[in-house]
Amino acid sequence: MGDPNNPWAAIVDDARQYPSPHNSQPIKLRPLDEATAEIFYDLDLGLPAESFGIPFGHVCAGVFLEGLHTVAAGHGFDVSEVLEHSEMDFSSADRLHPLGTVSLIRRPVTPEDRSRLAVFLRRQTSRRPYDATLVPDAVIESAATVASAGHNTFRTTADAATVRELVRINQSTLFSDLQNDAVYGEIMTWLRFSRQEARVRGDGLSAEAMLLPGAVLRFAMSHRELWRAPVIGGLIRATYLNTMRGVRQLGWLEGPFSGPADYIEAGRTFLRLWLRLTRDGVSLHPFGTVITNPSSHSAFVSAVDADESDGRMAWMLFRFGHSSRPPVAHRRPAAAMLMGAAS
Ligand SMILES: Cc1cc2nc3c(=O)[nH]c(=O)nc-3n(C[C@H](O)[C@H](O)[C@H](O)COP(=O)(O)O)c2cc1C
């Protein structure tokens, strides 16, 4: 279980499994003593090219914090937080955006804490085909309860035409993102074309996780002009849509989304919901790029008639269902997330 006087190493070793867009793992932690640490968002590992890329930085921080609470509980600690909630400035000379300070408070571990930690460590993104079965209503209701506790509404559709339309919007987002030079550059930074590269670097989106042979992914990504060509473009589209076989249901979250505090709460709620579905054997695949790409977002909002009044937003869309276990997305070692004390 590690050094009882310095729990950070053991906690970070589990907490680094939090999910992040493009698996960029942007959160850094600087322990000040055995109970307290500062947390930062490393702007060099952010994805600001898209319009909602910056809010998603805070969403990712919220996902991390929920993961930290889950891990710390499994290791026998509550976490208290003092957060800063300032906007991220990706042009800042200081590349570490301060998120705040977290403190560990010792407490007994319950069986529920242990099982939640196990679920956290088991959670994955599944980009595999799903098996076309519906998730039971009781599971959806319990996920909806989790969402409403975080002031979000979990909505779902199993209407075949709507599901088809949303899957099409997600696929065309990829095509449209590739035409945007800044977004294209960002994606290329995070693609890992061989298993070896994915394992050694311990981050990014591997061809394996995207269910594509590395050489095919490399060719397709290095010739983005071909994506618009009739035959090859059609082939790439068909290959991508093939991984979406058996998708019966999509879900999304609507909730307050008008500043860093909202984005962080949204991220926490999303991970809680993801863990609840994982606990019940349900796979999930976020379609975050549908949100960060403005035209895809508005197509999604009108397809589902989402409520975006009063500072609320339909801020996350995902497919969910049942699939076989996906390939593991690697993480950088704990040491890459831990920073030494400030000098
Ligand atoms: C806020 C958020 C948005 C995401 N958006 C997408 C997305 O648009 N497409 C996608 O394939 N994966 C998306 N993901 C999944 C990440 O790529 C994934 O969590 C990461 O690669 C690590 O893999 P794992 O979840 O299997 O551990 C998103 C994850 C988060 C937390």
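The values are calculated or read from the model by the stated rules, or taken from the named source; none is laboratory data. The structure presented is a predicted model; accordingly, all values stated were derived computationally and were not measured. Ideal geometry is used to build each Cβ from the backbone, glycine not excepted, and the neighbour counts take in all protein chains shown.
Observations on the structure shown:
- Ala158 being in contact (Cβ under 8 Å) with a residue 40 or more places away in the chain, of a type in the set (A, V, I, L, M, F, W, C), surrounded by fewer than 18 Cβ atoms within 10 Å (Cβ to Cβ) and assigned by TED's automatic domain parsing to the domain that holds Pro260: yes
- Among the residues of the range 193-235, those that are in contact with a helix residue (DSSP H, G or I) (Cβ under 6 Å, 6 or more places away or on another chain), more than 16 Å from the ligand (Cβ to nearest atom) and under 22 Å from Asn170 (Cβ atoms) comprise Arg224, Leu226, Trp227, Ile232, Gly233.
To keep it simple, each residue is scored yes or no on (1) outside the structural domain of Gly185 (by TED's automatic domain parsing); (2) closer than 30 Å to Asn180 by Cβ; (3) at pLDDT 95 or above.
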{"position": "His22", "(1), (2), (3)": "yes, yes, yes"}
{"position": "Leu43", "(1), (2), (3)": "yes, yes, yes"}
{"position": "Phe52", "(1), (2), (3)": "yes, yes, no"}
{"position": "Thr101", "(1), (2), (3)": "yes, no, yes"}
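- Being under 19 Å from Pro55 (Cβ atoms) and without any contact (Cβ under 8 Å) to a residue 60 or more places away in the chain is a condition met by at least one residue of the range 255-272.
- Filter pass, Ser222 being among the hydroxyl-bearing types (Ser, Thr, Tyr) and surrounded by fewer than 15 Cβ atoms within 10 Å (Cβ to Cβ): yes
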